[in-house]
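Structure record follows, encoded as structure tokens.
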Amino acid sequence: MSKPLIMVVDDEKRVADNIAKILHETGRYEAIAAYSAKEALENLSKNKVMLGLGGNRVRLIILDIKMPDMDGLQFLEKLRQDYNEGIGVAMLTAYEDGEKWEKATDGFVVDYIKKPFEPADLIATADNFFAGKEAEMTIKTFEKHIEKRDSFGSKKEG
């Protein structure tokens, strides 16, 4: 039986390769890196499961928000429109504001990880996702968003 496939999408090659390496070294996952949203879409196309089974070998995407051409939020929107295979997405970003949180949670992300990240947090996200906790993770991320939205609102007022 093959290991679950995780795709890391980040325009910073060093970051993407490092995350893929961290995930691969657990021995529990296969990991590939894409350095643009366009390359990520190509990888998704290459990894579609054939023979009428539907789905995609890529089960989880670790996705940077700030990228040239198509940013992570635009990619997330396209992914949700074009791929109805239940692919999980965890946002990874150094940028955190109300609008980005809103768009990410609208796309039903399973986690929102802030850079710089701890490798253990990335591994925990993958472990929880593949342990079948996707719905629980999505709700928890949405609840974090509500808390953040309140703090973003108080920053504007202050």
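Here, each number is a calculation from the coordinates, and none is a lab measurement. For clarity, every value in this text was computed on a predicted model and none was experimentally measured. Here the Cβ positions follow ideal geometry from the backbone for every residue, glycine too, while neighbour counts run over all protein chains shown.
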Between K3 and E77, with labels modelled 7 Å along Cα→Cβ, what's the label distance in nm to one decimal, could you check?
3.5 nm
From phi via Karplus (6.51, -1.76, 1.60), per-residue ³J(HN,Hα) for the stretch 5-17 in Hz, x at Gly/Pro
9, 10, 10, 9, 10, 7, 6, 8, 3, 4, 5, 4, 5
